[in-house]
């Protein structure tokens with residue numbers, strides 16, 4: 001079995017974000033980058049499946065991004081990936097989900113992957129499109145938002161998270177692509193020996209020019225901080241004073257405290 | 001401009017979010033037609049043409065077949081945009097339609113901003129305006145685009161009215177790569193937050209499981225219920241039945257107190273209809289501050305015990 | 001010159017940070033106040049399984065082969081969350097390294113994997129005695145060959161991890177007639193050996209979860225092949241290995257100092273006095289500026305010492321400089337942090353008082369600041385005249 005896991009490196013979401021010079025993306029200069037959280041679930045599920053199948057499947061990790069992306073790739077390899085493909089692209093952020101997906105599909109087309117794992121979305125862009133588009137371009141089955149995954153004899157049983165805590169269960173036959181949601185599993189910490197061993201694993205490097213990517217279908221016109229909602233009162237200062245003021249406001253403005 | 005709206009139907013019922021699609025079309029100033037894979041037994045109140053396919057035949061979740069049904073309606077109507085709710089149904093189906101039509105997709109639109117679609121980035125710490133390539137959308141003639149709208153972002157202004165003109169859709173075959181097996185109910189342990197007048201919720205900012213009783217104590221001092229954000233539930237600090245948000249319960253209490261909740265959009269969607277929102281957060285810039293009536297900038301574990309003591313007095 | 005961590009070092013730092021934040025930090029206040037020995041040991045086991053007990057140890061003995069720089073950054077991240085756990089990890093690494101450096105093949109194969117895998121919760125380093133602290137060559141514990149055994153008599157104090165260590169590296173006098181420091185040898189003593197008595201546990205100011213005990217050798221009989229390294233060559237080894245330990249303790253102190261300043265700095269942006277955030281006062285800003293500057297200098301000194309050791313170059317002077325500066329800087333940072341929190345900083349409701357207690361020992365153990373200065377001056381002066 002050949003497995004592909006698509007990962008993205010994103011900024012730590014606790015960071016402060018500000019627009020870059022031409023206001024089309026965020027300024028990356030002061031940000032710390034890590035693997036997209038949803039993609040960690042994807043890597044973990046791929047590795048668990050490899051373990052379930054006695055180590056037979058080969059896991060390829062794919063990521064698109066600049067030089068720094070190698071760190072996220074190495075983490076995926078340290079978690080249990082076998083080899084990696086790094087599509088080096090400094091202008092990745094100018095590409096829309098359709099272009100990103102077309103690059104992945106262009107690579108994957110000739111490789112004959114049986115199963116592809118992706119995160120359900122990236123934490124920075126949050127479009128939730130790339131996985132599904134890759135599946136459609138490859139013409140393989142796809143289910144999104146998995147919080148449960150099991151595999152038996154060529155069939156995946158996917159538990160999808162729906163609204164209101166309900167789950168929907170569906171079966172897909174390989175080849176297939178699934179997108180992974182928070183709660184699917186608990187991603188492992190890469191062990192130190194595995195981090196060091198990952199150094200020896202192959203990371204093939206490709207450029208966008210070597211892939212038949214598509215032209216963009218959407219464009220970011222501008223990026224900016226959200227407008228502050230007026231009217232909200234901000235209480236700062238001493239705890240004791242904050243307590244008294246909040247109590248006063250609640251008595252005045254709500255019917256629940258008298 | 002014409003919008004094709006894709007309604008939602010689950011477990012034998014039309015979902016209310018369907019009406020948000022019409023509200024969005026109205027905001028766009030677009031004419032609309034609707035498509036629903038549902039049933040005659042629960043039709044939307046809608047003034048206009050409704051393409052109806054039988055969920056009994058084509059499934060409630062079968063994106064392969066639903067995609068073909070949408071494409072049929074597109075062929076008949078030639079719309080400028082196809083609009084989904086950004087939900088487990090919409091984000092799953094929309095990109096499939098977009099690829100089939102080679103149309104650009106804009107995901108999770110939260111607002112219309114000066115003639116462009118506005119979406120969140122980086123946990124709602126930034127906003128982006130996105131335009132389908134070459135388009136003047138949403139004001140003028142635009143290229144075909146697939147849009148998903150954030151649940152709750154476009155509320156219907158009044159009670160939906162009207163009876164749709166039905167037009168039925170059929171497919172010649174029902175072969176699909178996906179076999180839907182069934183639903184699993186949410187685990188419910190008897191906490192019905194939807195009826196609570198006061199909810200005090202714990203978020204990641206409470207720090208650890210041992211601190212949750214401090215939040216629960218405020219809830220009980222106010223005579224309310226304990227709520228929780230998703231990270232707190234996922235960490236096992238609070239049972240899922242207390243979860244507020246898109247994957248938990250949607251609530252509309254008279255008073256909502258968010259303790260150490262930064263305000264991930266999934267959480268906001270579940271509680272922003274509360275009459276009065278108090279947020280207690282160390283981070284003055286936390287997104288919860290956007291919708292809070294009062295933001296108390298303080299450490300939750302210092303402020304809440306002091307406030308609870310005050311309430312008890 | 002390139003002052004960036006490698007990708008592997010960054011990943012090790014990230015793993016250490018994530019584990020420390022999610023597993024160690026939530027437990028640290030409880031370990032400090034009431035203790036939870038089973039939970040403490042369970043976390044050591046998890047750290048062993050992740051490869052943190054033998055960072056600079058070869059793979060064939062179960063080590064991670066990650067190097068000294070990785071050891072330093074990992075120690076800092078662990079200590080940010082829990083100094084007691086960090087000191088145990090530091091000592092375990094040193095025990096593995098000394099066995100790797102001078103142990104026989106059998107000794108390496110027997111003991112190192114047990115520490116690296118967590119089969120032993122800890123290894124222990126038994127050098128200090130009541131009359132031999134800063135002057136370890138003044139030790140009086142003796143080892144006498146009797147047939148096929150060595151017989152140990154005497155006592156040691158301030159022995160980290162003694163109650164739960166699987167093996168002790170023990171220094172003892174084997175030639176009383178030799179000049180000072182020339183008649184000391186090094187032994188491996190297993191926990192449970194008859195005659196090895198774990199004595200009184202010290203009640204310390206900080207680092208409460210890490211046990212610190214007296215060790216008593218009462219006719220403690222160990223096999224002849226428990227001798228590690230050459231006979232009467234033990235003191236030189238102790239001195240050499242303490243250099244590596246100093247990088248560990250300096251890195252640990254840096255972690256505590258950063259934790260304290262990070263907390264106090266955030267607090268200063270929330271706390272309001274005289275109608276404004278205290279971070280807007282220059283008195284606060286200078287503390288922030290001074291402490292972070294010193295901690296950054298400490299980090300660079302530590303990186304330099306670690307890099308020299310990793311490159312196989314002499315590093316004793318650099319390790320002492322880094323240990324001296326980092327531990328003193330971290331003490332000042334914790335002092336400033338308490339000051340910035342005012343009265344709250346002196347209460348158990350805030351973590352900075354724990355940081356201030358935990359950090360105090362760092363300028364004492366693994367060689368006091370005074371001894372570091374002696375070493376630094378000696379290393380400088382020996383090349384002159």
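When you scan the range C:329-343, do you find a residue that is in the same structural domain as residue C:261 (by TED's automatic domain parsing) and in contact with a strand residue (DSSP E or B) (Cβ under 8 Å, 6 or more places away or on another chain), even just one?
no
Would you mind finding the one in C:316, C:306, C:333, C:264 that is within 27 Å of residue C:90 (Cα to Cα), surrounded by 18 or more Cβ atoms within 10 Å (Cβ to Cβ), more than 21 Å from the chain's Cα centre (by Cα) and in contact (Cβ under 8 Å) with a residue 12 or more places away in the chain?
Working: C:316 fails: more than 21 Å from the chain's Cα centre (by Cα); C:306 fails: more than 21 Å from the chain's Cα centre (by Cα); C:333 fails: more than 21 Å from the chain's Cα centre (by Cα).
Only one candidate passes the filter, namely C:264.
Quick one: would you say residue C:34 is more than 18 Å from the chain's Cα centre (by Cα), without any contact (Cβ under 8 Å) to a residue 40 or more places away in the chain, more than 10 Å from chain A (Cβ to nearest Cβ) and farther than 17 Å from residue C:251 by Cα?
Values: more than 18 Å from the chain's Cα centre (by Cα): yes; without any contact (Cβ under 8 Å) to a residue 40 or more places away in the chain: yes; more than 10 Å from chain A (Cβ to nearest Cβ): yes; farther than 17 Å from residue C:251 by Cα: yes.
Considered against the rule, which asks whether it is more than 18 Å from the chain's Cα centre (by Cα), without any contact (Cβ under 8 Å) to a residue 40 or more places away in the chain, more than 10 Å from chain A (Cβ to nearest Cβ) and farther than 17 Å from residue C:251 by Cα, residue C:34 comes out as yes.
Identify the residue in the range A:217-233 that is modelled with pLDDT under 90 and more than 19 Å from residue A:98 (Cα to Cα) and, among all such residues, is farthest from the other protein chains (Cβ to nearest Cβ).
A:230
Restricting attention to the range A:143-166, report how many residues are under 27 Å from residue A:103 (Cβ atoms) and within 16 Å of the chain's Cα centre (by Cα).
Going through the range A:143-166 one residue at a time, the tally reaches 4.
Of the residues A:200, A:173, only one is more than 9 Å from every other protein chain (Cβ to nearest Cβ) and either under 30 Å from residue C:58 (Cβ atoms) or at pLDDT 90 or above (or both); which? Let's see the steps before the verdict.
Numbers: A:173 fails: more than 9 Å from every other protein chain (Cβ to nearest Cβ).
Only one candidate passes the filter, namely A:200.
Suppose the filter is at the interface with chain B (Cβ under 10 Å from one of its Cβ atoms) and either in contact (Cβ under 8 Å) with a residue 24 or more places away in the chain or over 22 Å from the mean Cα position of the chain (by Cα) (or both); does residue A:214 pass it? Working first, answer last.
Details: at the interface with chain B (Cβ under 10 Å from one of its Cβ atoms): yes; either in contact (Cβ under 8 Å) with a residue 24 or more places away in the chain or over 22 Å from the mean Cα position of the chain (by Cα) (or both): yes.
So residue A:214 passes the test.
Taking the condition over 26 Å from residue B:124 (Cα atoms), more than 8 Å from chain B (Cβ to nearest Cβ), at pLDDT 95 or above and crowded, with 24+ Cβ neighbours inside 10 Å, does residue A:156 pass? Steps first, answer last, please.
Details: over 26 Å from residue B:124 (Cα atoms): yes; more than 8 Å from chain B (Cβ to nearest Cβ): yes; at pLDDT 95 or above: yes; crowded, with 24+ Cβ neighbours inside 10 Å: no.
No.
State all residues of the range A:24-65 that are within 20 Å of the chain's Cα centre (by Cα) and either free of Cβ contacts under 8 Å to residues at least 12 places away in the same chain or closer than 23 Å to residue A:152 by Cβ (or both); if no residue qualifies, say none. I'd like the intermediate steps shown before the answer.
Of all residues in the range A:24-65, those within 20 Å of the chain's Cα centre (by Cα) come to A:25-28, A:31-49, A:59-65.
Within the range A:24-65, A:27, A:41, A:42, A:43, A:44, A:45, A:46, A:47, A:48, A:49, A:59, A:60 meet the criteria.
Which condition does residue C:110 not pass, out of (1) touching a residue at least 24 places away in the same chain (Cβ under 8 Å); (2) assigned by TED's automatic domain parsing to the domain that holds residue C:56, if it passes all the others?
(1)
Considering only residues of the range B:168-191 that are exposed (fewer than 14 other Cβ atoms within 10 Å of the Cβ), in contact (Cβ under 8 Å) with a residue 12 or more places away in the chain and touching a strand residue (DSSP E or B) at 6+ places or on another chain (Cβ under 8 Å), which is nearest to residue B:92 (Cα to Cα)?
The qualifying residue nearest to residue B:92 (Cα to Cα) is B:170.
Every residue in the range A:124-153 that is facing another protein chain (nearest Cβ under 7 Å), touching a helix residue (DSSP H, G or I) at 6+ places or on another chain (Cβ under 6 Å) and either modelled with pLDDT under 95 or in a strand (DSSP E or B) (or both), please. Walk me through it before giving the result.
Residues of the range A:124-153 facing another protein chain (nearest Cβ under 7 Å): A:124-129, A:132-133, A:136-137, A:141, A:143-145.
From what's left, touching a helix residue (DSSP H, G or I) at 6+ places or on another chain (Cβ under 6 Å): A:127-129, A:132-133, A:136-137, A:144.
Of everything in the range A:124-153, just one residue is facing another protein chain (nearest Cβ under 7 Å), touching a helix residue (DSSP H, G or I) at 6+ places or on another chain (Cβ under 6 Å) and either modelled with pLDDT under 95 or in a strand (DSSP E or B) (or both), namely A:144.
So residue B:106 passes all but one of these: (1) part of a strand (DSSP E or B); (2) more than 7 Å from chain A (Cβ to nearest Cβ). Which condition number does it fail?
Checking residue B:106 against (1) part of a strand (DSSP E or B); (2) more than 7 Å from chain A (Cβ to nearest Cβ), the one that fails is (2).
The values are calculated or read from the model by the stated rules, or taken from the named source; none is laboratory data. Keep in mind the model is a prediction, meaning the values are calculated, not measured. We place every Cβ from the backbone using ideal geometry, glycine too, and count neighbours over all the protein chains shown.
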